[in-house]
1. Restricting to lysine pairs 8 or more places apart or on different chains, what number in region 106-188 have Cα atoms under 26 Å apart?
2. How tilted is helix 192-201 with respect to the longest principal axis of the chain? Cα atoms for both, answer in degrees (0 to 90, nearest 10).
3. Using a cut-off of 17 Å between alpha-carbon atoms, which aspartates and glutamates can reach K74, once sequence neighbours fewer than 8 places away in the same chain are excluded?
4. Once Lys and Arg get +1 and Asp and Glu get -1 on their Cβ, which of T22, Q171, A78 lies farthest toward the positive end of the dipole of the chain?
5. Each residue of region 92-108 in order: what ³J(HN,Hα) in whole Hz does its phi give by Karplus 6.51 cos²θ - 1.76 cosθ + 1.60, θ = phi - 60°, with x for Gly and Pro?
6. Can you tell me which lysines have their Cα less than 18 Å from the Cα of K47? Leave out same-chain residues fewer than eight positions away.
7. What is the Cα centroid distance between region 1-18 and region 93-137, reported in whole angstrom?
8. Quick one: 3J(HN,Hα) in Hz for region 171-186, Karplus 6.51/-1.76/1.60 with θ = phi - 60°, rounded, Gly and Pro as x.
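Just so it is clear, none of the values below were taken in a lab; they were calculated from the coordinates. The model shown is predicted, which means the values in this text are computed figures rather than measured ones. As a convention, Cβ positions derive from the backbone with ideal geometry for all residues, glycine included, and neighbour counts pool all protein chains shown.
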Amino acid sequence: MKNIIFEDDHIIVVYKPAGIATQTARLGQQDMVSELKNYLAKKPEHKSNDVPYLGVVHRLDQPVSGILVFARTKQAAAELSRQVTNGQMQKYYYAVIYGAPAKELDRLEDYLYKDGKTNQSQIVKADFPNAKKAVLDYRLIKTLMAYGESLSESHEISLMEIELITGRHHQIRVQMSHAGMPLLGDSKYGNCQSKDLSQQIGCRGVALCAYKLEFIHPVTREKVTFEKKPDSEIFLPFFTKGI
């Protein structure tokens, strides 16, 4: 399977492309869990007719690309889930935002409420029913000018590195937009300017990638780091040699 970054008898680390669900119950829809179970079932050492075990430890939104770790045993799943709960699994993202941030380095702390009917989250007051605290750190990597034949004027766009301190529903997209830094390609949480520019330059997917994941291996107890640059076109100018 081409998207596998690392595997052993305990864990399997993969890169999820944008547009594919981590896991879904919808018939006929592609998802990473089904692909991985099919992959594991075809291994020579898998002699049973049973479906291979695959523990889902964390998820990425369907429009978001990036690195995921799955557990191959229940023991590994329990240990990795414990690390997620205790904040020991560190998740780093690249995001392309509209404009340039007022601060190059900052922490965002908000309270989010997930509306199950609309599958959207919104920032609310701390005493709002079922509100959950959301925290992330960001830093500016680089700001570029977006211009071309399709644009009537040039626009600033910025590459941001984000570390998730908590893991809430649509957290990065909601918090960054609320702070005046909407992600390109985000039709749910972007503002008029970011949506308009995204349409003009053909950015159809959310410009967000979970590019680095750090955790303690559930069996060897060694700290492991997995990293992969985004492959979406919107990120390429920021990684081009000489820019």
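1. 13
2. The angle comes out at about 70 degrees.
3. Straight-distance partners of K74: E7, D8, D9, D50.
4. Value computed over the given set: A78.
5. So the Karplus estimates, Gly and Pro as x, are 10, 10, 9, 9, 9, 10, 7, x, 10, x, 5, 10, 6, 9, 6, 10, 9 Hz.
6. List returned: K37.
7. The distance from the Cα centre of region 1-18 to that of region 93-137 comes to 29 Å.
8. So the J values, rounded to whole Hz, are 4, 4, 4, 6, 5, 5, 5, 5, 8, x, 10, x, 6, 5, x, 9.
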